[in-house]
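The values are calculated or read from the model by the stated rules, or taken from the named source; none is laboratory data. Note that the coordinates shown come from a computational prediction; the quantities given were computed from them, not determined experimentally. As a convention, Cβ positions derive from the backbone with ideal geometry for all residues, glycine included, and neighbour counts pool all protein chains shown. Heavy atoms of the whole protein, side chains included, go into the accessibility calculation; ligands, DNA and RNA do not. Shrake-Rupley method; radii C 1.70, N 1.55, O 1.52, S 1.80 Å.
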Amino acid sequence: MEKNKIPYKIYLPEEEIPKKWLNLKAFMKEQHDPFLNPATLKPCTKDDLRPVFCDKVIDQELNCTDKYIDIPEGIRDFYKMYRPAPLVRAYELEKALGTPAEIYYKFEGNNTSGSHKLNSAVAQAYYAKEQGITSLTTETGAGQWGTALSMACAFYGIDLKVYMVKVSSEQKPYRKEVMRTYGAEVIPSPSETTKVGRAILKEHPNTGGSLGCAISEAIEVATSTPDCRYVLGSVLDHVTLHQSVIGLEAKAALDKYGVQPDIVIGCAGGGSNLAGLIAPFMAEKLEGKNNIEFIAVEPASCPSLTRGVYAYDFCDTGKTTPLARMYTLGSGFLPSPNHAGGLRYHGMSPILSKLYHDGYMTARSVEQTKVFEVAEMFARCEGILPAPESSHAIRVAVDEALKCKETGEHKKILFGLTGTGYFDMSAYKAFNDKTMNDFIPTDADLKEGFKSLPDIPQNAGVRG
Ligand SMILES: *Cc1c(COP(=O)(O)O)cnc(C)c1O
């Protein structure tokens, strides 16, 4: 009799949707340096952050001690609509590669917004509602975050203004319609609706906008409108906290079959999905209970961990946010065009940055043509059309499985499949037409970016 044969999909029952998030920071012996108020260079206080973010979210951001934080029933009610997310044993991919390795992936694309971003959008909209906030603002680039937050705001009955980078709103008109269908107002940025937008338009009337500019507009509206707050979809500690549902479910599913991964892989833009996926596994590693290899995968065009510096930097191009100590290419670094819009970010989650700095995880950068090679292979054998971002993780999972083929090792590989790529067909078109290029910044390009790092004492010696 075959004992405990692992099924294609391991679905947890609904009652096993996590009841608590895991606060990875509280497991770290040494935590990351505090956010600094850029005006005073003193650690940010709750009062510094209160005009911008909801109170509960600030408490979570600054919580360094509670290892687990309750997920309110009101959030679990929404999670029940699309969670637990499946954990899949990639039997067909293993077969196609002819590898003795076992490959598993946690699929977060099984909701209409198409990515893991909904996990934090729901939480942030819920806390806003609880506090009596009536409207939220945010920015979106490629559109996944704006879509996720639109769904969440529709559910909890909150008005939402999304500042969408102008070029993206022109290139992806249907993303905009999805957000409007869920009731959000979508404003191409820069716009005439804010002081900062008007100033930018006056100076650059034909600009296609940038994420940094959209963030500045969204924060201006949030801080100048009564009962309005701003929400961010990655990088910050509270976002990684909410994303820990990914890892908690993945671990619970694997535990049912006694599977302990040897390698855990995730793509890293601002770091939220990766931090969430690794959370319970890394917590055990920090307690000395396992020796799992964790790998962050980033685009060669935007290599914050592999070629960036560990320094205090702004989280936005407009230099309006608190300073975070993280791996960064400099907030003024302009990544060359890359189809993985969600990975085009100059910095990295401070939690992941610290873990990487202290040697608890590794990082690799990959070129986009190599990424799309495995994206198509994956689509053809596993049936899911992966997002370009997620395909970065597939690339390294495939590379590791092929190494096992050489050595004959039966390693267990887990990776995060963060979303689907239906709105990225121009990227697939470029790959199929063989017009896709690989952009890799030169050392001189990176040096330009490092020049934009703030000139503060903590950064002495790291600026270019
Ligand atoms: C936004 C996004 C990412 C990257 O964001 P992280 O905060 O690094 O997780 C990855 N995959 C998809 C599908 C995304 O939409």
Please report, in debye to the nearest 20, how large the charge dipole of region 50-126 is about its Cα centre when each Lys and Arg carries +1 at its beta carbon and each Asp and Glu carries -1 there.
160 debye
Leading residue at positive end of dipole, the chain (Cβ point charges), from Leu329, Met164, Ser426:
Ser426
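Can you compute the charge dipole magnitude of region 130-187 about its Cα centre, using +1 on each Lys and Arg Cβ and -1 on each Asp and Glu Cβ, nothing else charged? Give it in debye, rounded to the nearest 20. Mind showing how you got there, number by number?
Working: 6 positive and 6 negative charges, 45 e Å.
In total the dipole reaches around 220 debye.
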Calculate the tail of P(r) for region 258-335: the fraction of all Cα-Cα distances greater than 15 Å, expressed in %.
63 percent
For the chain, with the dipole built from +1 on Lys and Arg beta-carbon atoms and -1 on Asp and Glu ones, taken about the Cα centre, which of Ser234, Ile456, Val264 lies farthest toward the positive end?
Val264
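Please go through the residue pairs Lys5/Lys370; Lys29/Lys117; Lys117/Lys354; Lys67/Lys256 and name each one whose alpha carbons sit more than 31 Å apart in this structure. Before the final figure, lay out the partial values.
On the way: Lys5/Lys370 33 Å; Lys29/Lys117 28 Å; Lys117/Lys354 23 Å; Lys67/Lys256 23 Å.
With Cα atoms farther than 31 Å apart: Lys5/Lys370.
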Projecting the Cα atoms of Gly98, Thr112, Ala85 onto the charge dipole of region 54-131, where Lys and Arg contribute +1 and Asp and Glu -1 at Cβ, the residue farthest towards the positive end is Gly98
Contour excess over end-to-end distance, with Cα ends at Lys29 and His410 and 0.36 nm allotted per residue:
133.9 nm
If I compute solvent accessible area with a 1.4 Å probe over the protein chains, what percent of it on the chain is carbon and sulfur?
51 percent
What residues of region 235-260 lie in the reach of a label at Gln131, counting those whose backbone N is under 14 Å from a point 7 Å from the Cα along Cα→Cβ?
238-239
Calculated FRET efficiency, Ser336 and Val462, Cβ-Cβ r, R0 22 Å, to nearest 0.05?
0.45
How much area per residue is accessible in region 1-110 when the probe is 1.4 Å and only protein heavy atoms are counted (Å²)?
49 Å²
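With an 8 Å Cα cut-off and a minimum separation of 6 or more residues, compute the relative contact order for the chain in percent. Mind dumping the intermediate values first?
Numbers: 981 pairs, mean separation 86.6, N = 464.
The value is 19 percent.
Do the sum for the chain: with -39,500 (n - 2.57) for every DSSP H run of n ≥ 4, divided by all residues, what is the mean residue ellipticity at 222 nm, to the nearest 500 deg cm²/dmol?
Numbers: 18 runs with 190 residues, N = 464.
Mean residue ellipticity at 222 nm (helix-derived): -12000 deg cm²/dmol.
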Theoretical gain in end-to-end length, Lys95 to Gln260 [0.36 nm per residue, Cα-Cα removed]
57.3 nm
Debye, to nearest 20: dipole size of the chain, +1 on Lys, Arg Cβ, -1 on Asp, Glu Cβ:
160 debye
Probe 1.4 Å, all chains present, heavy atoms only: Thr134 accessible area in Å², nearest 10, is 80 Å²
The aspartates and glutamates whose Cα lies under 12 Å from the Cα of Lys251, excluding any fewer than 8 residues away in the same chain, are Glu16, Glu284
In whole angstrom, largest first, the equivalent ellipsoid semi-axes that the Cα gyration tensor gives for region 111-252 are 26, 17, 14
Mean accessible surface per residue for region 137-204, computed with a 1.4 Å probe while every protein chain stays in place, in Å²
45 Å²
Under the 7 Å Cα-to-Cβ spin-label approximation, Glu287 and Asp59 lie apart by a distance in nanometres of 2.5 nm
Please enumerate, by chain and number, the aspartates and glutamates with C-alpha under 13 Å from the C-alpha of Lys42, excluding those fewer than 8 residues away in the same chain.
Asp33
Taking 0.36 nm per residue of separation between Thr40 and Met425 and subtracting their Cα-Cα distance, the length gained on full extension comes to 134.0 nm
As a percent rounded to 5, the proportion of antiparallel DSSP bridges among beta bridges in the chain is 35 percent
Would you calculate the convex hull of the Cα atoms in region 98-140 and tell me its volume per residue in Å³?
115 Å³
Straight-line reach from Lys403: which lysines fall under 16 Å, measuring Cα to Cα and dropping same-chain residues less than 8 apart?
Lys95, Lys411, Lys412
Please work out how much accessible surface Phe450 shows to a 1.4 Å probe, ignoring ligands, DNA and RNA, in Å² rounded to 10.
20 Å²
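Stokes-Einstein diffusion coefficient for the chain at 4 °C in a medium of 1.567 mPa s, Rh from the Kirkwood formula over Cα pairs: what value in µm²/s?
On the way: Rh = 22.2 Å.
The estimated diffusion coefficient comes to 58 µm²/s.
Over region 160-287, what relative contact order in percent results from Cα pairs under 8 Å that are six or more residues apart?
Values: 145 pairs, mean separation 25.0, N = 128.
Once divided by the residue count of region 160-287, the mean separation gives 20 percent.
Sequence gap at least 6, Cα distance under 8 Å: using those rules, report the relative contact order of region 1-122 to the nearest whole percent. Before the final figure, lay out each step's value.
Values: 115 pairs, mean separation 38.1, N = 122.
Contact order relative to length: 31 percent.
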